[in-house]
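What follows is a short report on a single structure.
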Amino acid sequence: MIPFDYHRATDVAGAVATADAREAVFLAGGTNLVDRMKLGVTSPDVVVDIGGLALDGVEELPDGGLRIGATARNSDLAAHPVVLRDYPVLARALLSGASGQLRNLATTGGNLLQRTRCSYFQDVSTPCNKREPGTGCSAIGGYNRQHAVLGASEQCVATHPSDMAVAMAALDARVVVRGPAGERVVPLVDLHRLPGDEPDRDTVLTRADLITAVDLPPLPDGTRSLYRKVRDRASFAFALVSVAVVLRVDGGVVRDVRVALGGVAHKPWRARRAEEVLLGSPAEEEVFRRAADAELAAARPLPDNGFKVPLVRNTLVSALRDLSLGER
Amino acid sequence: MDGDVELDVDGRSRTLRVDSRTTLLDALREGLGVTSVKKGCDHGQCGSCTVLLGGRRVVTCLTFAIAHDGATVTTAEGLGAGGRPHPVQEAFVERDAFQCGFCTPGQVCSAVGMLAEARDGRPSAVTDDLTGPVELSDDEVRERMSGNLCRCGAYGNIVDAIQDVAR
């Protein structure tokens with residue numbers, strides 16, 4: 001590992017200023033960052049530890065929503081009574097990620113900013129446009145079973161690995177960011193980028209932008225939500241495909257629906273085309289199938305991951321069916 | 001850069017100087033000689049390096065020691081009390097819940113942390129009712145222990161050992 005300076009931040013402004021002045025990374029739980037530093041994928045001059053900034057609270061907002069501190073642990077958030085009661089999609093997503101030991105370290109902000117587990121990105125001996133722009137993509141023409149089927153580019157076909165972020169995309173979460181110019185709010189669905197011709201940029205944030213919180217808006221009464229994850233083994237594995245659905249059905253008609261997909265794109269994929277088909281339509285299987293097909297019309301599978309297209313379709317249809325039938 | 005770190009390890013106050021790159025795992029093993037904490041994969045995937053950090057189970061390979069000044073660490077060596085092993089350790093012996101033993105200190109620490117989480121009513125990915133009471137079925141134990149690998153394949157007896165303590 002390349003030597004680095006360790007700086008323990010004592011306030012948010014100081015953390016941002018330190019990161020603005022030097023080639024820095026923020027350290028929270030460290031479960032992905034430390035691994036990348038061991039692998040040589042990330043080599044900062046200074047590590048700014050934000051663990052002492054008291055950003056780990058989870059509190060109810062006056063509008064009925066929830067503010068989640070950036071360093072709230074994944075395990076604590078998944079066990080929070082309001083999350084368990086009102087946002088089961090988020091609790092399920094968190095609990096389906098990583099292992100008990102990792103969830104006790106991993107944080108909200110760190111989970112959002114974890115990087116792809118594309119094996120070529122993590123192997124410094126292979127070309128990778130995300131790690132070293134301009135060197136090429138080893139996954140295109142290589143082993144690409146885990147990779148993207150939606151929104152990829154000629155430069156990069158990596159997927160975002162988070163479960164939590166997929167649930168938050170379906171919940172219309174807002175990310176509170178403190179940067180050198182002050183505070184701003186970024187809709188979670190706009191936080192992560194598609195790769196385009198700059199696959200090295202995962203998000204719209206710059207180096208000194210510090211996520212301080214994630215806000216969840218309240219959900220209308222009668223809303224149900226669900227997270228369904230499909231993976232190669234029963235536990236402790238990244239998603240091949242995952243589906244987050246937030247749904248309100250009244251009188252047999254879909255009154256409110258938000259769908260996000262994981263494991264299929266460079267970012268948590270908000271399925272707007274599927275939502276357009278569903279909204280105002282009867283909550284029936286034929287509609288669910290049309291919605292899934294509408295979203296997947298844009299899918300461009302790679303040689304090894306064509307199975308993801310029917311897997312998304314079937315997972316989404318079953319999730320919509322179970323939710324509309326009243327199963328969580 | 002170097003920094004001084006004070007840790008409470010298994011009830012003893014220990015101070016050491018670490019390079020910023022030193023993981024908590026390497027600080028415990030190489031710096032303090034606490035070799036019950038095992039280095040398996042060194043990438044957070046096997047669970048061999050699990051300890052209780054401030055009472056919660058964590059892997060020590062993915063966290064820098066320099067970030068834990070003042071922390072309390074309990075390893076498998078420090079779980080017992082009054083000259084006796086911890087009940088989970090006794091159950092592992094009774095149930096023959098290991099073969100080579102390399103993963104065992106991490107398994108034991110993880111089990112102790114996991115049982116506390118379940119007692120606190122925290123659900124897992126296989127809990128049907130997120131807001132109901134937690135009942136530790138064998139499936140629950142397997143899911144909650146999925147961060148600890150055993151290449152000898154002692155899983156069946158590990159589940160039995162943990163269930164002996166849970167019941």
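Table: residues versus (1) out of contact with any Ser or Thr (no Cβ under 9 Å at 6 or more places or on another chain); (2) open to solvent by 30 Å² or more (accessible area, probe 1.4 Å).
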| position | (1), (2) |
| --- | --- |
| B:VAL88 | yes, no |
| B:PHE92 | no, no |
| B:GLY101 | yes, no |
| B:ASP138 | yes, yes |
| B:SER146 | no, no |
| B:ALA154 | no, no |
| B:ARG167 | yes, yes |
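Here's the yes/no breakdown for (1) without any contact (Cβ under 8 Å) to a residue 24 or more places away in the chain; (2) of a type in the set (Gly, Ala, Ser); (3) more than 13 Å from B:SER110 (Cα to Cα); (4) in the same structural domain as B:GLN107 (by TED's automatic domain parsing):
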site: B:GLN45; (1), (2), (3), (4): no, no, yes, no
site: B:GLY55; (1), (2), (3), (4): no, yes, no, no
site: B:LEU62; (1), (2), (3), (4): no, no, yes, no
site: B:GLY70; (1), (2), (3), (4): no, yes, yes, no
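From the list B:LEU52, B:LEU62, B:LEU25, which residue is assigned to a loop (DSSP other than H, G, I, E, B) and within 11 Å of another protein chain (Cβ to nearest Cβ)?
Just a single option satisfies the conditions, and that option is B:LEU62.
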Out of curiosity, is A:VAL277 in a helix (DSSP H, G or I) and either open to solvent by 30 Å² or more (accessible area, probe 1.4 Å) or not hydrophobic (A, V, I, L, M, F, W, C) (or both)? yes
Hey, B:VAL73 hits all of (1) outside any helix (DSSP H, G or I); (2) under 30 Å from A:LEU53 (Cβ atoms); (3) of a type in the set (Val, Ile, Thr); (4) within 9 Å of chain A (Cβ to nearest Cβ) but one; which does it fall short on? (4)
Just one of B:GLU94, B:GLU143, B:GLU135 is under 23 Å from B:CYS41 (Cβ atoms) and of a type in the set (Asp, Glu); which is it? B:GLU143
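Considering only the range A:290-313, I want to know if a residue exists there that is at positive phi and open to solvent by 40 Å² or more (accessible area, probe 1.4 Å).
no
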Which is free of Cβ contacts under 8 Å to residues at least 40 places away in the same chain and open to solvent by less than 20 Å² (accessible area, probe 1.4 Å), of A:VAL253, A:VAL287, A:VAL264, A:VAL241? A:VAL287
Are any of the residues in the range A:228-235 among the acidic types (Asp, Glu) and either in contact with a strand residue (DSSP E or B) (Cβ under 9 Å, 6 or more places away or on another chain) or over 29 Å from A:CYS156 (Cα atoms) (or both)? no
Looking only at the range A:50-104, count how many residues are crowded, with 23+ Cβ neighbours inside 10 Å, away from chain B (no Cβ under 13 Å) and among the β-branched types (Val, Ile, Thr). 1
Given the conditions (1) of a type in the set (A, V, I, L, M, F, W, C); (2) crowded, with 23+ Cβ neighbours inside 10 Å; (3) within 14 Å of chain B (Cβ to nearest Cβ), report the number of the one that A:VAL16 does not fulfil. (3)
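Would you check if A:GLN114 is more than 11 Å from every other protein chain (Cβ to nearest Cβ), of a type in the set (S, T, N, Q) and within 27 Å of A:THR42 (Cα to Cα)? I'd like the intermediate steps shown before the answer.
On the way: more than 11 Å from every other protein chain (Cβ to nearest Cβ): yes; of a type in the set (S, T, N, Q): yes; within 27 Å of A:THR42 (Cα to Cα): yes.
Here the answer is yes, as A:GLN114 does meet what is asked.
The values are calculated or read from the model by the stated rules, or taken from the named source; none is laboratory data. Only a predicted model underlies this, so the values are computations on that prediction, with no experimental measurement involved. Don't worry about glycine lacking a Cβ; one is built from the backbone with ideal geometry, like all the others, and counts go over all protein chains shown. Please note that ligands, DNA and RNA were not included when accessible areas were found on the heavy atoms of the full protein model with its side chains. Shrake-Rupley method; radii C 1.70, N 1.55, O 1.52, S 1.80 Å.
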